Amino acid sequence: MTRLAPLHLLTGAPGVGKTTLLPYLLEAAGGVVVADMDELLDDGNLLGVPIAVPEAAPVWPAYNRMWGRVVGLPRRAGHPVVLLCPVPDADEIPDGALWDGPIRWALLDCADDLRVRRLQARGWTQDLVDDALADAGQGRSLIPTVFSTDDQDPRALAERVLAWARGCA
């Protein structure tokens, strides 16, 4: 089997700033392939199938497998990939559990009060905000490499994330 270039999974709970950071990562990527798992969705749907709702949980494994194939294409050509993705469950962390190795995980995180303000500004209900806070707590318990989005310049943050992906941080 062809040796794959590294996959760098950059995760974070809703409201952390993944979407805000994405264009800065793309601008500074310099040979690193950058993608966001939400990029293929159209209003939370993929080919008319709802993906971004809790009721879609039964199809999430197939969606993850699809993304494994998508990121496998540049990786087998020797290009490292940074993939922005949701907070994993503990059983998804080890190499081979969900993603073919080598993989590295990092967490985008922010203060809970900042996350709440961001999500409330989007019109999220308290139940959805509470779910996002629970996801953030899960990410903190699982992933030791953390990049804070609190008061961070997104351009500088993108450079730090890419340095990590290139093995320089």
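Between Asp130, Asp113, Asp151, the distinction of being over 18 Å from the mean Cα position of the chain (by Cα), at pLDDT below 95 and not hydroxyl-bearing (Ser, Thr, Tyr) belongs to Asp151 only. With respect to the conditions (1) open to solvent by less than 80 Å² (accessible area, probe 1.4 Å); (2) closer than 15 Å to His8 by Cβ, Ser148 lacks only one, and its number is (2). Just one residue in the set Pro58, Pro80, Pro50 is open to solvent by 20 Å² or more (accessible area, probe 1.4 Å) and within 14 Å of Leu7 (Cα to Cα); that residue is Pro80. In a residue-by-residue description of the stretch 27-44, the property of being buried (at least 19 other Cβ atoms within 10 Å of the Cβ), of a type in the set (Gly, Ala, Ser) and either at negative phi or not in a loop (DSSP other than H, G, I, E, B) (or both) applies to at least one position. Exactly one residue out of Asp113, Asp91 is among the charged types (D, E, K, R) and either over 22 Å from Arg65 (Cβ atoms) or assigned to a loop (DSSP other than H, G, I, E, B) (or both), and it is Asp113.
The values are calculated or read from the model by the stated rules, or taken from the named source; none is laboratory data. The structure displayed is predicted, hence computed values, not measured ones. Cβ sites come from the backbone with ideal geometry, for glycine too, and all protein chains shown count toward neighbours. Please note that ligands, DNA and RNA were not included when accessible areas were found on the heavy atoms of the full protein model with its side chains. Shrake-Rupley method; radii C 1.70, N 1.55, O 1.52, S 1.80 Å.
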